[in-house]
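K.L.:
Just dropping this structure here.
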Amino acid sequence: MKQKVCVVTGAASPQGIGNATARMLAANGAHVALIDVSANVGDAARKIAVDHPASSILAVECNIASPTACEEATVKIKSAFNRVDALVHCAGIIRSGAYDKIDSKDFDEVIAVNLTGAFNIIRAFASMMAAQGNGSIVNIASVAAQRGGGLVGGAHYAASKGGLLSLTKSLARELGPMGVRVNAICPSLIETDFVTSAVSNDRIRDLMTAVPLGRAGRPDEVAAACMFLASDLSSYITGATLDVNGGSHIH
């Protein structure tokens, strides 16, 4: 990834997949722009910059549910780096509840961030990549999209991630002739604060019994898959869904 310019969304949380991905990219020589709705993204960027001084690290606070905010983020990043080689889209929210307990506000918010937000941020960067004639986009979906529900996410969460998989395939077809690849990753039981804040330790232990590898995954293990799809090692892969779930959804 040396000298590649990579954008990672949802990168503020120290225990998140986005932050682990940003760190791994920087450790392998990339310049990285971190995007997050949280003001903590600045602290996250500074910590990575200290650990990897050879890489240029930029923090951009952005609500991906806003198309205007996504365009403004693109302008800032283009001004700083003049190009973008990869976009790893990790930002998202989770909501639980049975279908008859999901109110319209929650439903709209989940779709606005997880699906519309994905479209907003991808569209903002895809034109830059298309103009360059190359680029890679990686979307973090979920096993919930494949099996109709995940650990705690409700139907609206599963639907938003299912839509993200379809969006990934559609954009892979559209952007492929322009040299831009689009792929998705479906994690399952990963030890992020995203999961541990919503699932008890006892429940996590129960869920691990259904994982052939016998344990939960680590954020850096998903980050490694993100880096693979962002890099030239996957130059002939597009429109694919890569499972990173310890074998819990073999199909």
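K.L.:
Between a residue in the range 209-221 that is on the phi < 0 side of the Ramachandran plot and any residue that is in a loop (DSSP other than H, G, I, E, B) and open to solvent by 50 Å² or more (accessible area, probe 1.4 Å), which pairs come within a Cβ distance under 8 Å, given they are 6 or more apart or on different chains?
P.N.:
Listed by first residue and then by second, the contacts come to Pro212/Ile250; Ala216/Glu191; Gly217/Glu191; Arg218/Glu191; Pro219/Gln15; Pro219/Glu191.
K.L.:
Looking at the range 144-162, is at least one residue in contact with a Leu (Cβ under 6 Å, 6 or more places away or on another chain) and closer than 17 Å to Val8 by Cα?
P.N.:
Within the range 144-162, not a single residue is in contact with a Leu (Cβ under 6 Å, 6 or more places away or on another chain) and closer than 17 Å to Val8 by Cα.
K.L.:
For the range 185-195, indicate whether the set of residues that are of a type in the set (Phe, Trp, Tyr), at pLDDT 95 or above and open to solvent by 10 Å² or more (accessible area, probe 1.4 Å) is non-empty.
P.N.:
No; the residues of the range 185-195 include none that is of a type in the set (Phe, Trp, Tyr), at pLDDT 95 or above and open to solvent by 10 Å² or more (accessible area, probe 1.4 Å).
K.L.:
Looking at the range 1-40, which of its residues are not hydrophobic (A, V, I, L, M, F, W, C) and not in a loop (DSSP other than H, G, I, E, B)?
P.N.:
Passing the criteria: Thr9, Gly18, Asn19, Thr21, Arg23, His31, Asp36.
K.L.:
In the range 69-79, is there at least one residue being open to solvent by 10 Å² or more (accessible area, probe 1.4 Å), touching a strand residue (DSSP E or B) at 6+ places or on another chain (Cβ under 6 Å) and small (Gly, Ala, Ser)?
P.N.:
No; the residues of the range 69-79 include none that is open to solvent by 10 Å² or more (accessible area, probe 1.4 Å), touching a strand residue (DSSP E or B) at 6+ places or on another chain (Cβ under 6 Å) and small (Gly, Ala, Ser).
K.L.:
Ile48 is checked against (1) within 22 Å of Asp220 (Cβ to Cβ); (2) hydrophobic (A, V, I, L, M, F, W, C); (3) open to solvent by 10 Å² or more (accessible area, probe 1.4 Å); (4) in a helix (DSSP H, G or I) and fails just one. What number does that condition carry?
P.N.:
In the conditions (1) within 22 Å of Asp220 (Cβ to Cβ); (2) hydrophobic (A, V, I, L, M, F, W, C); (3) open to solvent by 10 Å² or more (accessible area, probe 1.4 Å); (4) in a helix (DSSP H, G or I), Ile48 misses (3) alone.
K.L.:
Based on this model, can you work out whether Ala172 counts as in contact (Cβ under 8 Å) with a residue 60 or more places away in the chain, part of a helix (DSSP H, G or I) and touching a Ser or Thr at 6+ places or on another chain (Cβ under 8 Å)?
P.N.:
Here the answer is yes, as Ala172 does meet what is asked.
K.L.:
All but one of (1) outside any helix (DSSP H, G or I); (2) in contact with a strand residue (DSSP E or B) (Cβ under 7 Å, 6 or more places away or on another chain) hold for Val211, so report the exception by its number.
P.N.:
Status for Val211: all satisfied but (2).
K.L.:
Identify all residues within the range 1-32 that are crowded, with 21+ Cβ neighbours inside 10 Å and touching a Gly at 6+ places or on another chain (Cβ under 7 Å); write none if there are none.
P.N.:
Met1, Val8, Thr9, Gly10, Ala11, Gly16, Gly18
K.L.:
Taking the residues in the range 223-248 that are assigned to a loop (DSSP other than H, G, I, E, B) and open to solvent by 40 Å² or more (accessible area, probe 1.4 Å) as candidates, determine which candidate is nearest to Thr168 (Cα to Cα).
P.N.:
Step by step, filter the range 223-248, then rank; the result is Thr238.
K.L.:
Suppose the filter is over 21 Å from Lys4 (Cα atoms) and not aromatic (Phe, Trp, Tyr); does Lys76 pass it?
P.N.:
On the way: over 21 Å from Lys4 (Cα atoms): no; not aromatic (Phe, Trp, Tyr): yes.
No; evaluated as a whole, the condition is false for this residue.
K.L.:
Within the range 208-219, which residues are surrounded by 16 or more Cβ atoms within 10 Å (Cβ to Cβ) and either more than 14 Å from the chain's Cα centre (by Cα) or under 15 Å from Ala26 (Cα atoms) (or both)?
P.N.:
Val211, Ala216, Gly217
K.L.:
Would you say Ile35 is open to solvent by 10 Å² or more (accessible area, probe 1.4 Å), within 14 Å of the chain's Cα centre (by Cα) and touching a residue at least 24 places away in the same chain (Cβ under 8 Å)?
P.N.:
Against the criterion (open to solvent by 10 Å² or more (accessible area, probe 1.4 Å), within 14 Å of the chain's Cα centre (by Cα) and touching a residue at least 24 places away in the same chain (Cβ under 8 Å)), Ile35 does not qualify.
K.L.:
Pick out, from the range 62-147, the helices (runs of 4 or more DSSP H) lying fully within it that include 3 or more residues that are touching a residue at least 12 places away in the same chain (Cβ under 8 Å) and out of contact with any helix residue (DSSP H, G or I) (no Cβ under 6 Å at 6 or more places or on another chain).
P.N.:
Filter on the range 62-147 gives 67-81, 117-132, 143-147.
K.L.:
Give the residues of the range 51-68 that are within 27 Å of Leu115 (Cβ to Cβ) and buried (at least 16 other Cβ atoms within 10 Å of the Cβ), sorted by residue number.
P.N.:
We begin by selecting, within the range 51-68, every residue within 27 Å of Leu115 (Cβ to Cβ); these are 58-68.
Matches in the range 51-68: Leu58, Ala59, Val60, Glu61, Cys62, Asn63, Ile64, Ala65, Ser66.
The values are calculated or read from the model by the stated rules, or taken from the named source; none is laboratory data. Just so you know, these numbers come straight off a predicted model, no measurement behind them. Counting neighbours? That spans all protein chains shown, and the Cβs are built from the backbone with ideal geometry, glycine included. For accessibility, only protein heavy atoms count, side chains too; no ligands or nucleic acids. Shrake-Rupley method; radii C 1.70, N 1.55, O 1.52, S 1.80 Å.
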